[in-house]
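Read the structure below first, then the notes.
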Amino acid sequence: MDAFISHYTGTLLAGVDEVGRGPLAGDVVAAAVILDPKKPIAGLDDSKKLTERKREALFPEIQQSALSWCVARASVDEIDQLNILQASLLAMKRAVQGLLIQPEHVLVDGNKLPRWAYSAEAVVKGDSRVKAIAAASILAKVVRDREMQAFDNQYPGYGFAGHKGYPTKVHMAALDTLGVSPIHRRSFAPVKRKIEQMRLI
C-alpha cells in the first residue's frame, strides 16, 4: 500500500474510485475521500481484496475519520446514453465536486481522468497503492452492494443480492426467464440481445 508517490505533498489529497463498470444492471457508483493524517485507518486495501465483513466494518470508520467524503453515481439511463466509461468518469467527477472540503490534488484509480479543473493524477491499480483511493473504493462498493441487495427484494428472481448485477450464469439464466428489468443497462450486449429477442416473439 502507498507504493505510489505523488508530486503533491500537502494534506488535502482526495482519492477517487468507482464500482460497477462490469455489471449488466444498476448504477455505477463512485466515491471520493480525503483522509485525515491525524486519524490513520488500519486495514485499508482494494475493496475487492477485503471480505464483506471487513468492508462493512471499515465503512463507518472511514466516514467518521476522514476529513471529507462523498459518494456519487451515474444512473442506468446515463450509462446507456454516454457509455460506461464516460458515465464512470462523470460519477467520479460528481463525487469530488460533492466533497465539503475541496481537495488541492486528486488521485484517480485507473488510467483516465475526468474532464475537470482539479490538479490530478491517474493511478493504475490505485486502490491497492493509495490509501485514500482504497478508502473510496470501500465506500463505493459497500453503497453499491447494499443497493443491489435492496433491488433483490424489489425485483425478485434475478439474484441481484448474490451477483450484484454481474453477468454470472445465474443472472443470464434469469434474464432468459424473466426478461429485462427496469434497472438493466439496455446498451450492454447481453441485455440488448435479450430485448431484440423479445421484439421478435
Taking just the alpha carbons, could you work out the radius of gyration and Dmax for the range 93-173, both in angstroms? 16.2, 47
quick note, the chain, DSSP beta bridge pairs, % antiparallel (nearest 5) is 65
Note down the relative contact order for the range 13-149 as a percent, whole number, built from C-alpha pairs under 8 angstrom at least six residues apart. 39
Amide H of Tyr8 versus every other amide H placed in the peptide plane: which residues, excluding those fewer than 5 positions away on the same chain, fall under 5 Å? none
I'd like the distance between the alpha-carbon centres of the range 112-127 and the range 7-86, rounded to an integer number of Å. 14
Highest-first arrangement of 180-192, 42-54, where packing means the average Cβ count within 10 Å: 180-192, 42-54
Assigned charges on the beta-carbon of Lys, Arg, Asp, Glu; the chain dipole about Cα centre (debye): 360
Divide the volume of the convex hull of the Cα atoms of the range 13-149 by its number of residues and quote the answer in cubic angstrom per residue. 96
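Computed from the coordinates by the stated procedures, all read-outs in this text should not be read as laboratory data. Everything numeric in this text was worked out from a predicted model, so none of it was measured. Quick reminder, even Gly has a Cβ in these numbers, built from the backbone with ideal geometry, and neighbours come from all protein chains shown.
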